[in-house]
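Taking it in order: structure first as structure tokens, then the write-up.
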Amino acid sequence: MAQQEVKLLGFWASPFAYRVIWALKLKGVDYEYIEEDIFNKSPLLLQLNPLHKRVPVLIHGHRVICESYVIVQYIDETWPQYPLLPQHPYERAMARFWAEFAESKLLETAWMGICSRGEERERAAKLAIEAVAKIEELVKGKKLFGGESIGYLDICLGWISYWLPIWEEVGCMQIIDPIKFPATSSWIDTVLHHPVIRDNLPAREAMIVYVQKRSKDIYESRTGLRV
Ligand SMILES: N[C@@H](CCC(=O)N[C@@H](CS)C(=O)NCC(=O)O)C(=O)O
């Protein structure tokens, strides 16, 4: 089964798609990448992911898998080399718990921060900082969440190392203060120096332009205001 053809529908700026790219690269799985235009969705995307209509989508032989966390777990269970999730059921459960925590309490609030202005942005940034404080406790004393090698949580939280600083810059907000969060900052350095992560990131300048436009568009459509 593992030998069947693998295709990935992604979007160049998507932190969710990069989770899948990193997992496939770490496992050494060959795949065909198909770039999707999320602003003009292809019939293929609508056919493969009719419920969410979002990337990433993994196609493995005749199987279609959606949602980045689900895909990364599927990859881990299908290709046993370079295990991503911990072996013990409790540690696996904790890894999934913290991945969900970071998504809802940090990713969603930080994104809300750059898609808002004034007090609303400040409130979102404050919530995001509170979430980082919890992650700081979790990563303290560790090189990576996966121990010595990149694991499931490093992949799921990997966006914090690259996308979050871009959001901070675009939104003029500081969420990861290296003085307050030294362990998280050192984890970020380690993640960014890992060859699979370092060599598989979207271009920073293009990302800045994209995030500026996207966050402005979302703000304007949410509020009806023009900035
Ligand atoms: N929870 C999803 C989020 C995926 C997602 O939001 N993808 C964006 C690209 S960054 C997308 O396809 N957006 C199109 C849309 O929402 O219409 C995952 O983890 O895969």
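What follows is calculated from the coordinates using simple rules that are stated; it is not laboratory data. Note that this is a predicted model, so its numbers are computed, not measured. All Cβ positions, even for glycine, are placed from backbone atoms using ideal geometry, and neighbour counts span all protein chains on display.
Look at where the Cα atoms of region 69-139 and of region 1-59 average out, and the two centres are 20 Å apart. Looking at region 37-136, the chymotrypsin sites (Phe, Trp or Tyr not before Pro) that sit in a DSSP loop and have at most 12 other Cβ atoms within 10 Å of their own Cβ are Phe39. Segment Ile208..Phe97, full-extension length gain: 36.9 nm, with 0.36 nm per residue of separation and the alpha-carbon distance subtracted. Between Ala128, Tyr152, His62, the Cα set farthest toward the positive side of the dipole of the chain (charges on each charged residue's Cβ, about the Cα centre) is that of Ala128.
Of the trypsin sites (Lys or Arg not before Pro) found in region 89-135, those that fall in a DSSP loop while having at most 16 other beta-carbon atoms within 10 Å are Arg117. The alpha carbon gyration tensor of region 39-148 gives principal lengths a ≥ b ≥ c with a/c of 1.5 or higher and a/b no greater than b/c, which makes the shape oblate. Taking a ≥ b ≥ c as the square roots of the eigenvalues of the Cα gyration tensor, an a/c ratio of 1.5 or more together with a/b larger than b/c marks region 6-78 as prolate.
Largest GNM mean-square fluctuation among Ala203, Ala183, Ala133, using the chain with Cα springs under 10 Å: Ala203. Since only Gln4, Gly141, Ala99 are under comparison, the one whose Cα sits farthest along the positive direction of the charge dipole of the chain, derived from C-beta charges on Lys, Arg, Asp and Glu, is Ala99.
Under 1.5 on a/c is rounded, so check that first for region 71-227, then, if it is not, pick prolate when a/b is larger than b/c and oblate when it is not; a ≥ b ≥ c are the square roots of the alpha carbon gyration tensor eigenvalues. Mind dumping the intermediate values first?
Numbers: a/c = 1.90, a/b = 1.72, b/c = 1.11.
Prolate, since a/c reaches 1.5 and a/b exceeds b/c.
Between Arg222 and Asp177, residue separation times 0.36 nm minus the direct Cα-Cα distance comes to 13.3 nm.
Computed from label points 7 Å out along Cα-Cβ, the spacing between Val64 and Glu148 is 4.2 nm.
With +1 on each Lys and Arg Cβ and -1 on each Asp and Glu Cβ, and nothing else charged, work out how big the dipole of the chain is about its Cα centre, in Debye to the nearest 20. Working shown, then result.
Values: 27 positive and 29 negative charges, 65 e Å.
In total the dipole reaches around 320 debye.
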